[in-house]
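Throughout, read-outs are computed from the coordinates displayed, never taken from laboratory work. Here the structure is a predicted model, which is why all the values come from computation and not from measurement. In this analysis, Cβ positions are derived from the backbone assuming ideal geometry, glycine residues included, and neighbour counts consider all displayed protein chains.
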Amino acid sequence: MCLLFRTPITVVHIDFLIFLCCHVVMTNTENLETPLALAADKDWLQGVRRVPSPNLDARVADTVIDSIVIHGISLPPKTYGGPYIEHLFTNQLDCNAHPYFLEISNHRVSAHVLIDRTGQITQFVPFSARARHAGVSVFQGRPDCNEYSIGIELEGCDDEAYEQRQYEILAKLVRILRQQWPAITPERIVGHSDIAPDRKTDPGPAFDWDYFFSLIG
Ligand SMILES: [Zn+2]
């Protein structure tokens, strides 16, 4: 009601803000409700933003993809929403943009997929290729997890709850990956900290594994 007493300029401004808010909600809802699927080549997700990373390697012929490694990442640490993860995975990180970037700007790393805080997915590496996400790692006595796994990054940090949207999109993604690569049993979905416990802590205690497993059934 108080809008009646505002100036026309203010009313227009409020209308514009309402438009922006609706647009943001629609964008997120659209992402949650759009069926996620692999493209025909099985290498990329259909309808998902692609930012090809040069940081990849060929898998050894006949390697069976049988694992998923879940990570948490934020750049700078505990800061969300910037372009820096994408810049890191495409070797464009400006080491002058933040002191922490000096330590990592020469890392030639990647993951197959990033799920940001809003649930938006970006794919960097085709699934048939090795992404460079696990580093020195061992799972059930077998080294080099990059060879046989898919790496999924969640934008986040170890001690801050991940977003509901991220769990929902992650669960959808894992379901379609398991349909394509059925050797990925729930027991073979692990955190980076599980396969490189001396070096890595992500996705951290903030990641609710019980809830995640309840979503993937
Ligand atoms: Zn990690």
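Just a few scattered comments:
- Tensor-based shape of the stretch 102-143 (alpha-carbon gyration tensor, a/c under 1.5 rounded, otherwise prolate or oblate): oblate
- Residues with amide H under 5 Å from that of LYS200, placed H, sequence gap 5 or more: none
- Whole-Hz ³J(HN,Hα) from phi, Karplus 6.51 cos²θ - 1.76 cosθ + 1.60, for the stretch 189-197, glycine and proline x: 9, 9, x, 4, 5, 6, 9, 9, x
- Residues of type lysines that LYS200 reaches as a straight line, Cα spacing below 28 Å, ignoring anything fewer than 8 places off in the same chain: LYS78, LYS172
- Cross-link partners of LYS42 among aspartates and glutamates, defined as those whose alpha carbon lies under 13 angstrom from its own and excluding same-chain residues fewer than eight positions apart, are absent.
- Spin-label pair PHE213/THR201, simplified geometry with 7 Å Cα→Cβ offset, distance in nm: 2.4
- Cα-based Kirkwood hydrodynamic radius, the stretch 34-216, one decimal, Å: 16.3
- Close amide H pairs (under 5 Å, H built 1.01 Å from N) link GLY191 with ILE70, residues at least 5 positions away or on another chain.
- In sequence order, calculated HN-Hα J values of the stretch 57-62 (Karplus, 6.51, -1.76, 1.60; Hz; x Gly/Pro): 9, 6, 6, 5, 3, 6
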